[in-house]
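The values are calculated or read from the model by the stated rules, or taken from the named source; none is laboratory data. What you are looking at is a predicted structure, and each value in this text was computed from that prediction instead of being measured. Note that we place each Cβ from the backbone using ideal geometry, even for glycine, and neighbour counts take in every protein chain shown.
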Protein chains: 2
Amino acid sequence: MLSVKIAGTGWYLPERRVTNAELEERLGIAADWIARATGVHERRYVTNETSVSMATEAAQMALAEAGIRPADLDAIVFASSAPQQAIPCTATFIQRALAAPDGASTCFDINATCLSFPLALHTVAHLVASGAYRRVLLCSSEPASRSLNPAERESVALFGDAAAAVVLTPSAEGERSCLHHALFETYSSGAELTQIRGGGTLHHPNDPATTPDMNLFQMQGPAIFKQGSRLIEPFLERFFASLPWKRDQIDAVIPHHASRHALDLLTRKLGFTSDQIVDNLAVRGNCVSASIPLALAEAVHDRRIQRGHRVLLVGTAAGLTLGALALIF
Amino acid sequence: MLSVKIAGTGWYLPERRVTNAELEERLGIAADWIARATGVHERRYVTNETSVSMATEAAQMALAEAGIRPADLDAIVFASSAPQQAIPCTATFIQRALAAPDGASTCFDINATCLSFPLALHTVAHLVASGAYRRVLLCSSEPASRSLNPAERESVALFGDAAAAVVLTPSAEGERSCLHHALFETYSSGAELTQIRGGGTLHHPNDPATTPDMNLFQMQGPAIFKQGSRLIEPFLERFFASLPWKRDQIDAVIPHHASRHALDLLTRKLGFTSDQIVDNLAVRGNCVSASIPLALAEAVHDRRIQRGHRVLLVGTAAGLTLGALALIF
């Protein structure tokens with residue numbers, strides 16, 4: 001148990017709303033099929049926003065809520081699959097956009113695709129609990145729409161853009177807030193089920209053999225769901241075996257918004273009630289690494305999650321990685 | 001002080017040696033200028049190797065030395081600026097290439113450009129010391145030559161390709177090995193001094209406005225050296241103020257091989273003797289995030305570094321980030 005606290009949360013949504021009707025008109029994907037197949041009714045798309053600009057807006061909101069100035073941060077972590085550019089790391093640009101002073105913080109990026117946020121939270125919580133850092137900003141930002149393949153209707157229908165951020169500090173004396181326990185397991189037999197094959201050194205952007213398709217999202221939805229739904233039940237058994245909470249004692253379950261089917265599993269098969277689940281899929285879509293911190297931040301601001309609540313973050317990521325993290329908010 | 005141990009080290013160098021004479025012939029950059037300006041006489045370039053294949057070779061060597069099977073790992077961390085592809089994270093592909101079993105390890109990437117290795121080592125050491133992970137593989141792999149701009153002679157002359165890996169475990173009872181102290185500071189006023197502007201979401205590979213130049217390395221050598229050399233002296237003062245070692249008590253200094261001038265600073269201005277410094281710049285070049293773990297691994301295998309030795313990892317990274325980490329090997 002790590003004595004750390006989410007001292008502030010924030011998010012950013014691009015102004016541009018994209019409805020199913022727009023997708024039907026633009027791409028010929030039937031609006032009612034989208035709603036039925038994915039559960040998404042609208043999502044946001046970036047126009048001029050970038051990974052860094054969205055992260056910075058979310059960070060400013062989280063810092064204001066925490067009452068912490070950018071100058072007080074000693075680490076800035078970009079927890080995302082969508083870097084601004086190849087070099088340097090994206091957290092560096094967030095330091096600058098926040099006008100956080102030169103030299104006052106350490107900047108680095110952590111990437112575990114859709115589970116980047118809980119994985120980074122678990123990782124960094126150890127450094128905050130030990131005193132290596134005292135005030136850490138974690139940002140997840142995803143302009144997913146930039147990498148969607150219009151020919152792959154399931155992913156086009158599913159994904160949206162967003163950013164979210166939290167400020168992590170030690171808990172003060174007498175505060176119950178803590179990070180309880182986390183578990184992450186990667187099943188690389190599923191590595192090709194969700195991919196952007198380009199964007200790295202294997203299919204370099206300047207390589208004439210790199211095709212535009214390689215730089216776009218590619219998802220084998222049914223195969224991922226099959227692998228994920230087979231693995232998640234025993235995974236959660238293992239996770240709860242080390243946790244002194246029963247499932248019905250959890251106040252809020254924040255799932256990764258992988259898909260409608262993935263969310264339905266939580267109540268259909270995994271022992272949670274729909275009251276426990278924070279679900280904004282219909283209006284946000286799957287926002288990759290931003291999904292979990294966005295749902296968390298919105299639930300905190302709606303007072304759906306309050307201090308002392310038992311919160312579970314849970315989901316799957318490209319990899320295939322399964323993850324769960326329990327905290328007292 | 002964290003009671004962790006580097007239980008094994010390994011590296012991989014591409015077979016293809018590239019001499020200054022070859023660069024002179026191919027690119028018209030005078031061989032004697034390269035040697036004089038950069039201190040590099042030869043470097044390696046990938047042919048068919050990839051970020052993942054090099055990391056896997058280095059990992060197998062480190063695992064064999066540690067006497068640890070891939071199945072025993074509970075985390076695999078890719079600490080590098082050069083992912084294999086945009087999604088999923090590169091550590092996932094290393095799990096599979098090592099035939100490490102599905103589900104037995106957590107896979108994620110950490111990026112702090114040239115300081116990715118010491119930053120990831122410091123981060124993960126907290127999780128090993130707390131028992132969250134027991135046996136972690138850290139890999140840094142950089143096919144830098146894929147992103148060099150032939151028109152920028154200083155960086156073409158300087159960079160080489162390599163990978164290196166370590167296995168991190170808790171220290172056994174009675175072992176002195178530990179991670180003592182680390183400090184990282186990012187000065188984002190220098191963010192544009194070392195860049196690859198493409199390869200992310202800002203200048204997407206499919207964006208018609210993304211030019212080939214944007215996907216290549218761009219370095220303002222003199223400006224970086226000016227900023228870095230001004231900052232490194234007070235930075236090391238702060239670092240040593242929290243460390244119970246004097247500079248002359250350090251058995252081996254492993255610098256990031258940023259450039260000849262950067263290495264010369266260590267003896268000229270920063271109070272170290274040339275005997276203390278592990279310097280393979282002449283035959284390896286600057287291997288980005290692989291430079292520090294490569295020099296460490298080669299020094300361990302040469303018995304230049306032995307158990308109980310006091311080791312300092314130190315350097316600068318694009319960002320601009322300064323970093324130093326003290327450990328007892």
task: Considering each of B:Ala66, B:Ala62, B:Ala99 in turn, give the residue that is out of contact with any Ser or Thr (no Cβ under 8 Å at 6 or more places or on another chain) and farther than 21 Å from A:Asp109 by Cα.
output: B:Ala99
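One line per residue, one yes/no per condition, for (1) β-branched (Val, Ile, Thr); (2) at pLDDT 95 or above; (3) more than 21 Å from B:Ala157 (Cβ to Cβ); (4) touching a helix residue (DSSP H, G or I) at 6+ places or on another chain (Cβ under 8 Å):
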| site | (1), (2), (3), (4) |
| --- | --- |
| B:Leu2 | no, yes, yes, yes |
| B:Ala7 | no, yes, yes, yes |
| B:Thr19 | yes, yes, no, yes |
| B:Leu27 | no, no, no, yes |
| B:Ala31 | no, yes, no, yes |
| B:Arg44 | no, yes, no, yes |
| B:Ala59 | no, yes, yes, yes |
| B:Ala62 | no, yes, yes, yes |
query: What pairs can you find where one residue is in segment A:69-82 and more than 11 Å from every other protein chain (Cβ to nearest Cβ), the other is charged (D, E, K, R) and assigned to a loop (DSSP other than H, G, I, E, B), and their Cβ atoms are less than 9 Å apart, with a gap of 6+ or different chains?
result: A:Asp72/A:Arg134; A:Asp72/A:Arg135
statement: By residue number, the members of segment B:67-98 that are over 26 Å from A:Met214 (Cβ atoms) and more than 20 Å from the chain's Cα centre (by Cα) are B:Gly67, B:Ile68, B:Arg69, B:Pro70, B:Ala71, B:Asp72, B:Leu73, B:Asp74
query: Only one of B:Ser171, B:Ser188, B:Ser141 is at the interface with chain A (Cβ under 8 Å from one of its Cβ atoms) and at pLDDT 95 or above; which?
result: B:Ser188
message: Condition first: of a type in the set (Asp, Glu) and within 22 Å of B:Phe217 (Cβ to Cβ). Can you find one or more residues in segment A:222-239 that meet it?
response: no
- request: Restrict the check to segment B:93-100 and report whether at least one residue is within 29 Å of B:Ser188 (Cβ to Cβ) and facing chain A (nearest Cβ under 7 Å).
  value: no
query: So which of B:Leu243, B:Leu263, B:Leu231, B:Leu294 is surrounded by fewer than 22 Cβ atoms within 10 Å (Cβ to Cβ), touching a Phe, Trp or Tyr at 6+ places or on another chain (Cβ under 7 Å) and either among the polar types (S, T, N, Q) or touching a residue at least 40 places away in the same chain (Cβ under 8 Å) (or both)?
result: B:Leu231
query: Hey, any hits in segment B:214-223 for a residue that's of a type outside the set (Lys, Arg), at positive phi and more than 14 Å from chain A (Cβ to nearest Cβ)?
result: no
- prompt: What about A:Val283, is it crowded, with 16+ Cβ neighbours inside 10 Å and in contact (Cβ under 8 Å) with a residue 12 or more places away in the chain?
  reply: no
query: Can you pull out the residues in segment B:1-15 that are under 20 Å from the mean Cα position of the chain (by Cα) and surrounded by fewer than 16 Cβ atoms within 10 Å (Cβ to Cβ)?
result: B:Glu15
task: Sort out which residues of segment B:96-113 are in contact with an Asp or Glu (Cβ under 8 Å, 6 or more places away or on another chain) and over 19 Å from B:Ala290 (Cα atoms), and write them in order of number.
output: B:Gly103, B:Ala104, B:Ser105, B:Thr106
query: Can you name the residue in segment A:195-249 that is among the aliphatic types (A, V, I, L, M) and out of contact with any strand residue (DSSP E or B) (no Cβ under 9 Å at 6 or more places or on another chain) and, of all such residues, is nearest to A:Ser274 (Cα to Cα)?
result: A:Ala241
statement: If we ask which residues in segment A:101-138 are more than 7 Å from chain B (Cβ to nearest Cβ), within 28 Å of B:Phe235 (Cα to Cα) and small (Gly, Ala, Ser), their number turns out to be 5
Members of segment A:55-80 that are closer than 18 Å to A:Phe117 by Cα and touching a Pro at 6+ places or on another chain (Cβ under 7 Å): A:Leu63
- prompt: What number goes with the only condition from (1) under 24 Å from B:Thr47 (Cβ atoms); (2) more than 8 Å from chain A (Cβ to nearest Cβ) that B:Thr90 does not pass?
  reply: (2)
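To keep it simple, each residue is scored yes or no on (1) at negative phi; (2) at pLDDT below 95; (3) not in a helix (DSSP H, G or I).
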{"position": "B:Asp264", "(1), (2), (3)": "yes, yes, no"}
{"position": "B:Ser291", "(1), (2), (3)": "yes, no, no"}
{"position": "B:Leu296", "(1), (2), (3)": "yes, no, no"}
{"position": "B:Ala299", "(1), (2), (3)": "yes, no, no"}
{"position": "B:Gln306", "(1), (2), (3)": "yes, no, yes"}
{"position": "B:Val311", "(1), (2), (3)": "yes, no, yes"}
{"position": "B:Gly323", "(1), (2), (3)": "yes, no, yes"}
message: Considering only segment B:147-164, I want to know if a residue exists there that is more than 9 Å from chain A (Cβ to nearest Cβ) and under 30 Å from A:Ala129 (Cβ atoms).
response: yes
query: Are there any pairs, at least 6 apart or on different chains, whose C-beta atoms fall under 7 Å, with the first in segment B:109-131 and among the polar types (S, T, N, Q) and modelled with pLDDT of 95 or more and the second assigned to a helix (DSSP H, G or I) and surrounded by fewer than 24 Cβ atoms within 10 Å (Cβ to Cβ), and if so, which?
result: B:Ser130/A:His126
